[in-house]
Amino acid sequence: MPDSEPKQKIGQLLKELNVVDDQQLDLALDEQKRTKERLGSVLIKMGFLTSEDLDYLLARQYNVPFISLEQYRLDPEVVRLIPEKYCRQHKVIAVQRQNNLLTVAMANPHDFVVVNELSFIVGMKVAPVVSAEISILKALEAMMQAEEVAEQQEPDWEAELLSTEEVDIEIIQSEEPSDIEDIIASSEDAPIVRLVNMILLAALDKQATHVHIEPLMEKLRIRLRIEGVLSELATPPKQYHVNIINRLKILSSLDITKHNIPQESYFQVRSRGRFVDVKVAAFPTRYGESMVLSLHTQFQKMLALDSLGMRRAVLQELKRLISAKRGFLLVVGPNNSGKTSTIYAALSYLNTPERSLYTLENPIKNLIEGIFQGQPDEKVGLSYPEGVRAVLVQDPDVLMLGDMNFEKAIGYALQASLSNTMVLGRLNYNDSAGAILHLLDMGIPPFLISQAITGVLSQRLVRRICPGCSESYIPPKKIIEEARKFVDADEITFHRGGGCRDCGLTGYVGYVGIFELALLNEEIRHLILERASRKAITEAIRRNGTIMLYQDALDKVIGGVTTYEEILSIADLEAVRNPQKS
């Protein structure tokens, strides 16, 4: 438990650390007497102090951790756990919930009366952290404005259900069973059909990647994942839950008589000239079936390799690698890290009249004129390994594999890459060394991996700072010292988005990639043959002059492309920041 009083007054701490001089402090104290505000807020308004400096000073003063709210993306649902009026009155804001523990940013974390009241209000333990009063009020204001903007954009769902106007969306693929007429009839009532269509249309208009349909104890919640963040779309009456799920099962040809087992399938929709694949995944939960819809537009604007955000040296090396007559490029990263966009950009770059290009994936992510794209179908006996073997008989110059989870299929592709085929493979894995070891664990012979794979491209996606509200700031000294270990720069300045209408007050617009291209040299090939540890292979990749993920990420922070908060949100970069832990 921290002391009941700060160890030092903020003014004393400011002088001790030479943050302000005597004249500036005197001016600020005079202004504080006039306005009755906290000294830190006065110093910020007078330009003598930044909010980051004040957060650091408050942490030292109160001997508790600090949080920089300007760099932290707040979850509206967590913030709403504490009433807005109470937040403004006591200068607090909820920032994170983990099980029964709620982290709360407070201007005075030693106000134990408020801490106890908060614990009673939210019914959880409260962990106080410190943040400047001005930062808390600014964060609250931004959150309220964002909710107002969202409310103005949302349709009136109850009114929409009663409307007879057609929704501009068409189901392209639908195979409806005929032996369960009663269930189908209830799932095709006009309100249910309209509600499902409205959900799909809202997801398309908001460019959501996923729709979550979640039954809770007393209500049904529908959320959209937009730019990696979930936000609530609607809460239809709970009695609609079963019919909504059944309607989507019918559209995707799932068995609507089974609700206690997971099921997966897909259907297609067309709206306003857009063709979209909708992957449907149902899962049984305590309060009924939940369902997640994954949306993917078939005819997307093709990205160019030059637009992905690679530094020039990495881009040139990648182009040289994939333009070779033979080889195997492995593109790795977790879900939603941009692997598909990178691979399709590479295919677009290679798509010339002199080359024969084939792809095999399920489902086909994008349709490209001039590329022969195949899809395995277990229902007719075409398995993924058999599909790879059949494609290789077509004498492709370039082959892209969308699934690297079949040992036999990978073996076919690796052998082909040793002769006259350039193979691009996609694999869900966090880093280059780990991906190589994963192939070994699958039973692929070490000599085949070491000879066939020519490079591993590891990547992540982070949000871009909105250019309309981007602003620069000097980060705390500790962060600058850490950054200098990886980045050679005379002056280190970070950037962030202040929030504007262009970005919906989030401070971000779109995404940019972070890349690490590891080329296999003789040392790395030898380590693969020896089945060396992940740490040994990672160190060899560094010694080969590879620009690692964290270094590329920091360069984009200093270049004003993304924020420091965004790269810290990629938890698995910790191993890169601290190589000794690998």
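Is it the case that some residue within region 571-580 is polar (S, T, N, Q), at pLDDT below 90, surrounded by fewer than 22 Cβ atoms within 10 Å (Cβ to Cβ) and in a helix (DSSP H, G or I)?
Yes, region 571-580 has at least one match.
Filter region 252-279 for residues that are surrounded by fewer than 13 Cβ atoms within 10 Å (Cβ to Cβ) and at pLDDT below 80 and give the result.
R272, G273
Would you mind stating whether P334 is more than 19 Å from K206 (Cβ to Cβ) and modelled with pLDDT of 90 or more?
Considered against the rule, which asks whether it is more than 19 Å from K206 (Cβ to Cβ) and modelled with pLDDT of 90 or more, P334 comes out as no.
Being more than 30 Å from E566 (Cβ to Cβ), out of contact with any Lys or Arg (no Cβ under 7 Å at 6 or more places or on another chain) and either modelled with pLDDT under 85 or of a type outside the set (S, T, Y) (or both) is true for just one of L161, L248, L220, L200. Which residue is that?
When all the criteria are applied, what remains is L248.
With respect to L439, is the statement that it is crowded, with 22+ Cβ neighbours inside 10 Å and assigned to a helix (DSSP H, G or I) true?
The answer is yes for L439.
Sort out which residues of region 406-443 are out of contact with any Gly (no Cβ under 8 Å at 6 or more places or on another chain) and either free of Cβ contacts under 8 Å to residues at least 24 places away in the same chain or among the hydroxyl-bearing types (S, T, Y) (or both), and write them in order of number.
F406, K408, Y412, S419, T421, S432, H438, D441
Hey, can you tell me all the residues within region 389-405 that are in contact with a Gly (Cβ under 9 Å, 6 or more places away or on another chain) and assigned to a helix (DSSP H, G or I)?
Listed by number, the residues that qualify are A390, V391.
So which residues in region 116-130 are surrounded by 20 or more Cβ atoms within 10 Å (Cβ to Cβ) and either touching an Asp or Glu at 6+ places or on another chain (Cβ under 6 Å) or part of a helix (DSSP H, G or I) (or both), if there are any at all?
L118
Take P363 and tell me if it is in the same structural domain as S450 (by TED's automatic domain parsing), within 17 Å of V391 (Cα to Cα) and not hydrophobic (A, V, I, L, M, F, W, C).
Against the criterion (in the same structural domain as S450 (by TED's automatic domain parsing), within 17 Å of V391 (Cα to Cα) and not hydrophobic (A, V, I, L, M, F, W, C)), P363 qualifies.
Residues that are touching a residue at least 40 places away in the same chain (Cβ under 8 Å), closer than 30 Å to R542 by Cβ, surrounded by fewer than 20 Cβ atoms within 10 Å (Cβ to Cβ) and not polar (S, T, N, Q): does region 365-377 have at least one?
So far as region 365-377 goes, no, none of its residues is touching a residue at least 40 places away in the same chain (Cβ under 8 Å), closer than 30 Å to R542 by Cβ, surrounded by fewer than 20 Cβ atoms within 10 Å (Cβ to Cβ) and not polar (S, T, N, Q).
Out of region 483-509, which residues are in contact with a strand residue (DSSP E or B) (Cβ under 7 Å, 6 or more places away or on another chain), over 20 Å from Y550 (Cβ atoms) and of a type in the set (A, V, I, L, M, F, W, C)?
Result: C503, V509.
Of the residues V398, V331, V388, which is touching a Phe, Trp or Tyr at 6+ places or on another chain (Cβ under 8 Å) and in contact (Cβ under 8 Å) with a residue 40 or more places away in the chain?
V398
Pairs under 9 Å by beta carbon, first residue free of Cβ contacts under 8 Å to residues at least 12 places away in the same chain in region 237-254, partner surrounded by 19 or more Cβ atoms within 10 Å (Cβ to Cβ), six or more apart or different chains?
Q239/L220
Only one of (1) of a type outside the set (A, V, I, L, M); (2) at pLDDT 85 or above; (3) crowded, with 16+ Cβ neighbours inside 10 Å; (4) over 28 Å from T340 (Cα atoms) is not met by R194, so which one is it?
(2)
Could you name every one of the helices (runs of 4 or more DSSP H) located completely within region 472-544 that has at least 3 residues being farther than 15 Å from V557 by Cα?
So the answer is 522-529, 534-543.
The values are calculated or read from the model by the stated rules, or taken from the named source; none is laboratory data. Keep in mind that what you see is a predicted model, and the values were worked out from it rather than measured. Cβ atoms come from the backbone with ideal geometry, glycine included; neighbour counts cover every protein chain shown.
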